[in-house]
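Asks: The following block contains the structure, expressed as structure tokens.
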Amino acid sequence: MAGSTQDPRISDGDILSEKHIVEENVIHSPPSELDQPGIVQDWDSGEETSVKRKIDFILIPTLALAFFSLQMDRGNISAVLTSTITKDLNITTNQINIGTQLLSAGIVLSEIPSNIIMQRLGPRVWLSGQLFAWGLVATFQAFVQSYPAYLVTRILLGFCEGGFIPGALYYLSTWYKKDETSLRTSLFFYGQMFASATSSLISAGLLRLSGSHGLEGWRWIFLVEGLLTLLIGIVFTLLVPPNVGDGRPLISFGRWSYFTERESHIMRNRVLLDDPRKAKGHIQISRSDIWKTLKQPRIMQHVFLTLVSMSGFQGLTQYTPSLIKSLGFSAIRANALASVPVYCSIVWLTILSVGSILNVGWLSVYCRTPQERSVAMALVVMAANCAGISGSQIFRTSDAPKYVHGLTAICAIAGASWALAAIICVLYYIRRHKEIPGPSTKPETVA
């Protein structure tokens, strides 16, 4: 504006952040707020803490429950291997591994397209649709009669599950400030870990039904856990809130909300004061956004760490029950015992947290734009599933029953993962020590 002066050392972004002002016309606020010139913090810390707890109570269990079903359907192949699937379909464990590779490939191919679709349809519609889709595929795995049919169901399961994790993480990040995201990411991953442990116990019980109604034990596992996913899909669809500050779940038919008008006001505006770019709502992801994200070294270091560390994890978790069974335990007891290390890892997470979760949490915090965050989350999950493609071939039929070569490879991968994680920690320390400006020092102007 003519005649105005401004210290050249202060940017427009700094002024925007300092005054906590965002143009009101980009926010879906209650009508009573439309006459305000901008957003200011008109609540105290006690109110904000109460709002955060309410979000945690509603959002985290709902998303973690969906993650539980995803991991249950993706990981139950480990329990199935202890049953008679190889005999019934006349296949080898190497051929089972190919099915696992196809599942991972399906996830990798659908990660980014899935996130683009979610930005158009909205999280509630797309994530709910994914739950029902992979629930149906998981259920019908119980009726495959041939190896080609098994392969088709595995790749379809991958296509249906692809994009759910980064999509859920992006949706989760829209409800919280940047410094609150890592903790909620860890809580979200509890769903995965609890599924890994609990599904082994469920599978141990289902194997007792082998022969009942003419179905083998592995068919009961696919059938019951697939139907359980469909039930979870119904619960998720009815209970999940559509977007930040909107507490009207589908089950309410628009008649009631989880939140009061005051709570909704605080929820929307507190995240906008922390990051004004979230006012844009649903974002559009272009090819240039994907390319820019791929060129970021700070993002690719997390992707590479995930690729290396998850290679060993994927292979080991798939064959843990089989390894235990090879020690002389029955299939039922082997699956029950397979839950023990996962429960131990849950305790480890509670005390020290898991490196892979910190990896995702740090990455989410340091992404500069919503587009970058969405693509980066997809890249990390793609890396984890690329690791599944290689990791599923670590344990080979020729290496049974002791799998000396496979376990040696797991140890080598674990050592490399710790080294890479240590390097990334040192790099973060150096950056902070040099006081390199963070991604939020110069937020974009919201229009």
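The values are calculated or read from the model by the stated rules, or taken from the named source; none is laboratory data. These numbers come from a predicted model, not from an experiment. Here the Cβ is made from the backbone with ideal geometry for all residues, glycine too, and neighbour counts use every protein chain on show.
Asks: Take residues that are in contact with a Cys (Cβ under 6 Å, 6 or more places away or on another chain) and tell me which of the helices (runs of 4 or more DSSP H) falling wholly in segment 118-204 contain 1 or more. Full working, then the answer.
Replies: Details: elements: 123-140, 147-161, 164-173.
Those helices (runs of 4 or more DSSP H) span 123-140.
Asks: Then there's this: Inside segment 68-123, can you point out the residues that are basic (K, R), under 24 Å from S200 (Cα atoms) and within 24 Å of the chain's Cα centre (by Cα)?
Replies: Here is the first cut: in segment 68-123, the ones basic (K, R) are 74, 87, 120.
Subsequent filtering for residues that are under 24 Å from S200 (Cα atoms) retains 74, 87.
Result: R74, single match.
Asks: One residue is enough: does segment 213-228 have a residue meeting the conditions free of Cβ contacts under 8 Å to residues at least 60 places away in the same chain and of a type in the set (G, A, S)? Before the answer, list the steps.
Replies: The initial filter retains those residues of segment 213-228 that are free of Cβ contacts under 8 Å to residues at least 60 places away in the same chain, namely 213-214, 224.
Cutting the leftovers down to of a type in the set (G, A, S) gives us 214.
Checking segment 213-228: at least one residue is free of Cβ contacts under 8 Å to residues at least 60 places away in the same chain and of a type in the set (G, A, S).
Asks: Related question: If we keep just the residues of segment 174-185 that are out of contact with any Gly (no Cβ under 7 Å at 6 or more places or on another chain), of a type outside the set (A, V, I, L, M, F, W, C) and modelled with pLDDT under 85, which is nearest to L127 (Cα to Cα)?
Replies: So the first thing to find is which residues in segment 174-185 are out of contact with any Gly (no Cβ under 7 Å at 6 or more places or on another chain), and the list is 174-180, 183-184.
Imposing the further condition that a residue be of a type outside the set (A, V, I, L, M, F, W, C) reduces the set to 174, 176-180, 184.
Applying the additional criterion that residues be modelled with pLDDT under 85 yields 178-179.
Working: K178: 23, D179: 25 Å.
Here the answer is K178.
Asks: Please go through segment 234-270 and pick out each residue that is among the aliphatic types (A, V, I, L, M) and in contact (Cβ under 8 Å) with a residue 12 or more places away in the chain. Walk me through how you get there before you give the answer.
Replies: If we filter segment 234-270 for residues that are among the aliphatic types (A, V, I, L, M), which is where we start, we get 234-235, 238-240, 244, 250-251, 266-267.
Answer for segment 234-270, where residues must be among the aliphatic types (A, V, I, L, M) and in contact (Cβ under 8 Å) with a residue 12 or more places away in the chain: V235, L238, L239, V240, V244, L250, I251, I266, M267.
Asks: Can you tell me which of Y171, Y190 is hydroxyl-bearing (S, T, Y), at pLDDT 85 or above and more than 20 Å from L103 (Cα to Cα)?
Replies: Working: Y190 fails: at pLDDT 85 or above.
One residue alone meets the criteria, Y171.
Asks: Among the listed residues T198, T229, identify the single one that is closer than 24 Å to W134 by Cβ and in contact with an Asp or Glu (Cβ under 6 Å, 6 or more places away or on another chain).
Replies: Values: T198 fails: in contact with an Asp or Glu (Cβ under 6 Å, 6 or more places away or on another chain).
Every option except T229 fails the conditions.
Asks: What residue, among those in segment 173-219 that are more than 28 Å from A334 (Cα to Cα) and of a type in the set (V, I, T), is surrounded by the fewest Cβ atoms within 10 Å (Cβ to Cβ)?
Replies: Per the criteria, the residue is T174.
Asks: Which of the residues that make up segment 371-412 are of a type in the set (D, E, K, R) and either closer than 15 Å to I299 by Cβ or buried (at least 18 other Cβ atoms within 10 Å of the Cβ) (or both)? So that I can check it myself, show each step before the final result.
Replies: Of all residues in segment 371-412, those of a type in the set (D, E, K, R) come to 372-373, 396, 399, 402.
Correct list: E372, R373.
Asks: State all residues of segment 240-263 that are part of a strand (DSSP E or B) and in contact with a Leu (Cβ under 7 Å, 6 or more places away or on another chain); if no residue qualifies, say none.
Replies: Answer for segment 240-263, where residues must be part of a strand (DSSP E or B) and in contact with a Leu (Cβ under 7 Å, 6 or more places away or on another chain): there is none.
Asks: If you don't mind, there's one more thing I want to ask. I'd like to know if segment 68-89 contains one or more residues that are buried (at least 21 other Cβ atoms within 10 Å of the Cβ) and either touching a His at 6+ places or on another chain (Cβ under 7 Å) or free of Cβ contacts under 8 Å to residues at least 40 places away in the same chain (or both).
Replies: Checked segment 68-89: no residue is buried (at least 21 other Cβ atoms within 10 Å of the Cβ) and either touching a His at 6+ places or on another chain (Cβ under 7 Å) or free of Cβ contacts under 8 Å to residues at least 40 places away in the same chain (or both).
Asks: With the requirement that a residue be under 18 Å from L70 (Cα atoms), surrounded by fewer than 17 Cβ atoms within 10 Å (Cβ to Cβ) and either aliphatic (A, V, I, L, M) or touching a helix residue (DSSP H, G or I) at 6+ places or on another chain (Cβ under 6 Å) (or both), what does segment 111-131 give you?
Replies: Result: V125, single match.
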